[in-house]
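The values are calculated or read from the model by the stated rules, or taken from the named source; none is laboratory data. Quick caveat, the model's predicted, so the values are computed rather than measured. Methodologically, a virtual Cβ is constructed for each residue, glycine included, from the backbone with ideal geometry; neighbour enumeration extends over all protein chains shown.
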Amino acid sequence: MNKFIKPKVILPVILGIIIGGLLFALGEYDDAPGLCAIGLSAGFILIMIGINKTGIIKKGLLAPILLLFFAAFIALITTSILLDGEFGDRPWYSAFGFGVVIVLLLVGLFRIQKFKRSKSS
């Protein structure tokens, strides 16, 4: 339990909650979904950095975890925008979002495989 009660752990978590919540609230107030997404992303990254400082996440796995999270996040956002009809008469524009998702997934999975190989050797 002492791992969690350190300034280097608590500070990023609190900043993540404050900054993420503030940006999300501002985005919701201005009807700016991009600002909401930035708020969620910034808050998540800061919270993950704080969690990483505890040593719970093995060294070298933070980047793959973030890549896989953002792949899922972008996939959900792109699907939501596609189903809402925001692309209008050009639904193939969603291929750009799904292309980014595929790249993030592949890079994240390759980094996890690299981590596993380095640990087994």
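Quick one: in segment 36-60, of everything that is modelled with pLDDT under 90 and assigned to a helix (DSSP H, G or I), which residue is surrounded by the most Cβ atoms within 10 Å (Cβ to Cβ)? If we take residues in segment 36-60 being modelled with pLDDT under 90 and assigned to a helix (DSSP H, G or I), then Cys36 is surrounded by the most Cβ atoms within 10 Å (Cβ to Cβ). Taking the numbered list (1) among the aliphatic types (A, V, I, L, M); (2) touching a helix residue (DSSP H, G or I) at 6+ places or on another chain (Cβ under 8 Å); (3) modelled with pLDDT of 95 or more in turn, Leu106 passes all entries but (2). As an exercise: evaluate Ser41 against (1) under 22 Å from Arg111 (Cβ atoms); (2) in contact (Cβ under 8 Å) with a residue 40 or more places away in the chain and give the number of the one condition it does not meet. Single failed check for Ser41: (2). Any chance segment 31-46 includes a residue that's of a type in the set (Asp, Glu) and assigned by TED's automatic domain parsing to the domain that holds Ile18? Within segment 31-46, one or more residues are of a type in the set (Asp, Glu) and assigned by TED's automatic domain parsing to the domain that holds Ile18. Only a single item in (1) part of a loop (DSSP other than H, G, I, E, B); (2) more than 24 Å from Lys119 (Cβ to Cβ); (3) among the hydrophobic types (A, V, I, L, M, F, W, C) is not met by Ile14, and it is number (1). Residues that are surrounded by 16 or more Cβ atoms within 10 Å (Cβ to Cβ), part of a helix (DSSP H, G or I) and modelled with pLDDT of 90 or more: does segment 86-99 have at least one? Yes, the conditions are met somewhere in segment 86-99.
Take the residues of segment 5-35 that are loosely packed, with under 13 Cβ neighbours inside 10 Å and aliphatic (A, V, I, L, M): which is farthest from Ala72 (Cα to Cα)? The residue in question is Ile5.
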